[in-house]
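A.B. asks: Got a structure for you, written out below as C-alpha cells; questions coming shortly.
None of the figures in this text is laboratory data; all of them are computed from the coordinates on show. Computed from a predicted structure; not experimentally measured. As a convention, Cβ positions derive from the backbone with ideal geometry for all residues, glycine included, and neighbour counts pool all protein chains shown.
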Amino acid sequence: MILLFDIGNTNIVLGLSVNEKIYKTFRYVTNSKLTEDDYFQKINASIGDEFTQNIEGAIISSVVPQLDHIFVNMIEKYYKIKPLVVGPGLKSGLQIKLENPKQLGADLLCDAVGAYIKYSGTTIIIDMGTATKILVVTKNKEFIGGVICAGIRGSLDSLISTTSKLSRTAIEVPNTVIGNETTTCIQSGIVYGHVAMIEGLIKKFKNELGLDNVNIILTGGYAKVIKDLLEIDCIYDENILLDGLFYIYQKNKNLTNKS
C-alpha cells in the first residue's frame, strides 16, 4: 500500500493506493499547530493496524510549507519510510511551459499529471479548493498555465468580514438565482456567481486555445457544491490529484527507500 498525502490550506486528504488503485480516502482539517505525533494518531486511527503493516511507500504534495517537515518526520518515525515530496528533482512526465516553473504549486502539477494519464487530448481542470484553479494540459503533455481565483469559502469570508450588516451563512445552493432575503441573496451570489465565473472562463479558455472539443474535469473539495449547476459538459473526478500523485510516485520510487 502507498500513502498519498495532499496537504492543502484547508484540508489534508490521505489516499490509500492498493494494487495501483485509490482504495480509500480520508480528509482532515489542516492545522499547522499539530505535531507529527498528533497527525500520526489521527491517521493511524483512520487506516488501522492491519493496513499499517503493509505500507510500502509514501509521497506528499503540499502547499503548506510549515507542515512539510512534520509529515516527513511522521512518516519516517512511525512508518520507517523515506517519503517523496513533490517538487524540483522529481519527474512528472510533463513539460512545464511556464515563465517560472519553480513557482508551480505541487497540487497544480499533480492535477495536470492526473489529467494527462487519465484523459487523452487537451484537458482543462477545474480544481475547487481553498482557491479555485483552472488549468490546461495539452495533448502534447504540456502544462501551459491557467488562472487562480478566490475560492467559494474565501469569497464568502471576505464578503462577510468587509460588510458590516451581512452575517455569516452556510454555503448552500438556493432554490432560485434571484434571492428574496439576505441569506439566499448571499448564497446565490457566492454559488451562482462562481458558476458564471467558471463557465465564462472556460469559454475564454477555449477561444484562446482555438479548440472547442476539449476534456473538462471538475475536482476539489467544493466541486460537489456546483457540479450539478454547470451548463458545460464536464467530468466530476474527485481523485484526479491523488491519481497524479500516485503516477509521480511510480515514476520516482527508486529515489525512496526504507529508513
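A.B. asks: Sort all Cα-Cα distances of the range 129-172 into consecutive 10 angstrom bins from zero, then give the percent of pairs in each bin up to the one containing the longest distance.
C.D. replies: Result, from short to long distances: 24, 34, 21, 14, 5, 0 percent.
A.B. asks: Using the beta-carbon distance between Lys227 and Asn11 and R0 = 25 Å, what value does 1/(1 + (r/R0)^6) give for FRET efficiency, to the nearest 0.05?
C.D. replies: For R0 = 25 Å, the calculated efficiency reads 0.90.
A.B. asks: I would also like to ask the following. Please compare each pair in Lys42/Lys91; Lys33/Lys118; Lys21/Lys42; Lys24/Lys82; Lys82/Lys224; Lys139/Lys251 to a cut-off of 29 Å on the Cα-Cα distance and tell me which ones are over it.
C.D. replies: Pairs exceeding the cut-off: Lys42/Lys91; Lys33/Lys118; Lys82/Lys224.
A.B. asks: Also, I was wondering about something else. Can you work out the FRET efficiency for the pair Lys24 and Ser167, with r the C-beta to C-beta distance and R0 = 51 Å, to the nearest 0.05?
C.D. replies: On the way: r = 38 Å, r/R0 = 0.74.
Once rounded, the FRET efficiency stands at 0.85.
A.B. asks: About its Cα centre, how strong a charge dipole does the range 195-259 have in debye, to the nearest 20, once Lys and Arg get +1 and Asp and Glu get -1 at the Cβ?
C.D. replies: The calculated dipole for the range 195-259 is roughly 460 debye.
A.B. asks: Now a separate question. Among Thr183, Gly210, Met197, which residue has its Cα furthest toward the positive end of the charge dipole of the range 165-232, with +1 on Lys/Arg Cβ and -1 on Asp/Glu Cβ?
C.D. replies: The one lying farthest along the dipole's positive direction is Thr183.
A.B. asks: So what's the net charge close to Lys77: Lys and Arg +1, Asp and Glu -1, counting the other residues with Cβ under 11 Å from its Cβ?
C.D. replies: -2
A.B. asks: Separate question: If you add up the charges near Leu156, with Lys and Arg at +1 and Asp and Glu at -1, over every other residue whose beta carbon is less than 13 angstrom from its beta carbon, what do you get?
C.D. replies: My count for the surroundings of Leu156 gives 0.
A.B. asks: Here is a follow-up. What is the distance in Å between the Cα centres of the range 1-59 and the range 200-259?
C.D. replies: Value for the Cα centre distance between the two parts: 21 Å.
A.B. asks: May I pose another question? Kirkwood hydrodynamic radius, computed over distinct alpha-carbon pairs, for the chain: how many Å, to one decimal?
C.D. replies: About 19.5 Å for the chain.
A.B. asks: Evaluate E = 1/(1 + (r/R0)^6) for Lys203 and Asn140, where r is the Cβ-Cβ distance and R0 equals 25 Å; express this FRET efficiency to the nearest 0.05. Kindly include the intermediate steps, with their values, before the conclusion.
C.D. replies: On the way: r = 23 Å, r/R0 = 0.91.
Rounded to the nearest 0.05, the efficiency is 0.65.
A.B. asks: Under 19 Å from a point placed 7 Å out from the Cα of Tyr236 along the Cα-to-Cβ direction: which residues of the range 1-42 have their backbone N that close?
C.D. replies: Answer for this model: 24-27.
A.B. asks: Give me the net charge for the shell around Leu245: Cβ to Cβ below 14 angstrom, other residues only, Lys and Arg +1, Asp and Glu -1.
C.D. replies: With Lys, Arg at +1 and Asp, Glu at -1, the neighbours total -3.
A.B. asks: Where Rh denotes the Kirkwood radius from the mean inverse Cα pair distance, what is Rg over Rh for the range 1-99?
C.D. replies: A ratio of 0.97.
A.B. asks: Check the straight Cα-Cα distances from Lys204 and name the aspartates and glutamates below 12 Å, setting aside those fewer than 8 residues away within the same chain.
C.D. replies: Cα-Cα hits under 12 Å: Asp212.
A.B. asks: Show me, bin by bin at 5 Å from 0, the whole-percent P(r) of the range 32-161 based on Cα pairs.
C.D. replies: 2, 9, 16, 16, 16, 15, 14, 10, 3, 0
A.B. asks: Right, here's the next one. With charges only on Cβ, +1 for K and R and -1 for D and E, what is the dipole size of the range 101-209 about its Cα centre, in debye, rounded to 20?
C.D. replies: The dipole of the range 101-209 has a size of about 240 debye.
A.B. asks: Roughly how big is the chain's charge dipole about its Cα centre, with Cβ charges of +1 (Lys, Arg) and -1 (Asp, Glu), in debye to the nearest 20?
C.D. replies: Computed charge dipole of the chain: roughly 480 debye.
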